[in-house]
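Everything on this sheet refers to the single structure shown next.
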Amino acid sequence: TQDVFYDRGDVFYASIHEEGLYPDTGALDETGRGDGEGTTANIPLAAGAGDADYRYAIDEAIAPALGRFDPDLLIVSAGFDAHRHDPISRMRVSSEGYALMTDQIRTVTDEIGAATAFVLEGGYGLDTLAEGVSMVHETFDGRTPVSDDDDPDEKTESLVAELREQLDLS
C-alpha cells in the first residue's frame, strides 16, 4: 500500500507495525517522495508492543498528522495480526485495545469531519480475528471501550518523537 501512494501528495498513508517485518519498506524515515513528501508515516514498533504503545502512536503522531492533512475519507486497513493471541504475532494488542483504537479513530474523524471505512486486512487466528472485528464494529457503532491505565514503552515514545520531528508535527 505504501508503494502505491508514496509519490502522491493527495493521499496520506500511515502504518503502525512490528519493526523489521516489512520487506524493504515501513521504516521510520520513509515519509514520502516528491509530491508525496511528508504524506507517509511509518511507526515500526518493537516486538512486544501493546495497547498503550499503539494508542500513544495514534494520539501523538497519526491524529495530528491527519488533522494537518485534513482528509475527506479515512480508510483503515484493519489488521488483527498484532493481537496478543494471534498465532504468528509478537505484538501484545488486546481485543479491548482494538476497541480503544477504534474509539480514537472515531474521535479523530469526527473532529476533522472525515468519512471512515474499515477494510479487513489480516489476522491468522480465527477466534481472535472474529473477536477483533466484532470489537471494532461494536465500538464504531457506539460501544464505549474500557480504558486501560498502561503507559507506552520508552522506545515507543522516542520513536514517535522522531516521527513527529520528521513530519514537523510540533
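The values are calculated or read from the model by the stated rules, or taken from the named source; none is laboratory data. This structure is a prediction, so every number in the text was calculated from the model and none was measured. Every residue, glycine as well, gets a Cβ built from its backbone with ideal geometry; the counts of neighbours run over all protein chains shown. Each accessible area value is taken on the protein alone, full model and side chains, heavy atoms only, with ligands, DNA and RNA left out. Shrake-Rupley method; radii C 1.70, N 1.55, O 1.52, S 1.80 Å.
Would segment 88-108 turn up any residue that is in contact with a Leu (Cβ under 8 Å, 6 or more places away or on another chain), outside any helix (DSSP H, G or I) and open to solvent by less than 40 Å² (accessible area, probe 1.4 Å)? Among the residues of segment 88-108, at least one is in contact with a Leu (Cβ under 8 Å, 6 or more places away or on another chain), outside any helix (DSSP H, G or I) and open to solvent by less than 40 Å² (accessible area, probe 1.4 Å), which makes the answer yes. For the criterion of being modelled with pLDDT under 95, under 22 Å from residue 157 (Cα atoms) and surrounded by fewer than 16 Cβ atoms within 10 Å (Cβ to Cβ), residue 20 passes.
One residue stands out in segment 74-87 among those that are outside any strand (DSSP E or B) and surrounded by fewer than 19 Cβ atoms within 10 Å (Cβ to Cβ): the one that is nearest to the chain's Cα centre (by Cα), namely 84.
Filtering segment 115-128 for residues that are without any contact (Cβ under 8 Å) to a residue 12 or more places away in the chain and either open to solvent by less than 30 Å² (accessible area, probe 1.4 Å) or not basic (Lys, Arg) (or both) leaves a non-empty set. Answer yes if at least one residue in segment 23-46 is under 21 Å from residue 142 (Cβ atoms), of a type outside the set (Gly, Ala, Ser), touching a strand residue (DSSP E or B) at 6+ places or on another chain (Cβ under 8 Å) and open to solvent by less than 40 Å² (accessible area, probe 1.4 Å), and no otherwise. No: segment 23-46 contains no residue that is under 21 Å from residue 142 (Cβ atoms), of a type outside the set (Gly, Ala, Ser), touching a strand residue (DSSP E or B) at 6+ places or on another chain (Cβ under 8 Å) and open to solvent by less than 40 Å² (accessible area, probe 1.4 Å). From the list 77, 170, 147, 95, the one residue that fits, being among the hydroxyl-bearing types (Ser, Thr, Tyr) and without any contact (Cβ under 8 Å) to a residue 40 or more places away in the chain, is 170.
Residues that are in contact with a strand residue (DSSP E or B) (Cβ under 8 Å, 6 or more places away or on another chain) and aliphatic (A, V, I, L, M) were ranked within segment 47-60; the one that is most open to solvent (accessible area, probe 1.4 Å) is 47.
Here residue 131 meets the list (1) closer than 25 Å to residue 154 by Cα; (2) more than 15 Å from the chain's Cα centre (by Cα); (3) not in a loop (DSSP other than H, G, I, E, B) almost entirely, failing just condition (1).
Return the residue satisfying two criteria in turn: it lies in segment 144-154 and is modelled with pLDDT of 90 or more and surrounded by 14 or more Cβ atoms within 10 Å (Cβ to Cβ), and of such residues it is farthest from residue 44 (Cα to Cα). Steps first, answer last, please.
As a first pass, look at segment 144-154 and keep what is modelled with pLDDT of 90 or more: 144-146, 151-154.
Add one more test, that the residue is surrounded by 14 or more Cβ atoms within 10 Å (Cβ to Cβ), and what stays is 145, 152-153.
On the way: 145: 25, 152: 14, 153: 13 Å.
Filtering first and then ranking leaves 145.
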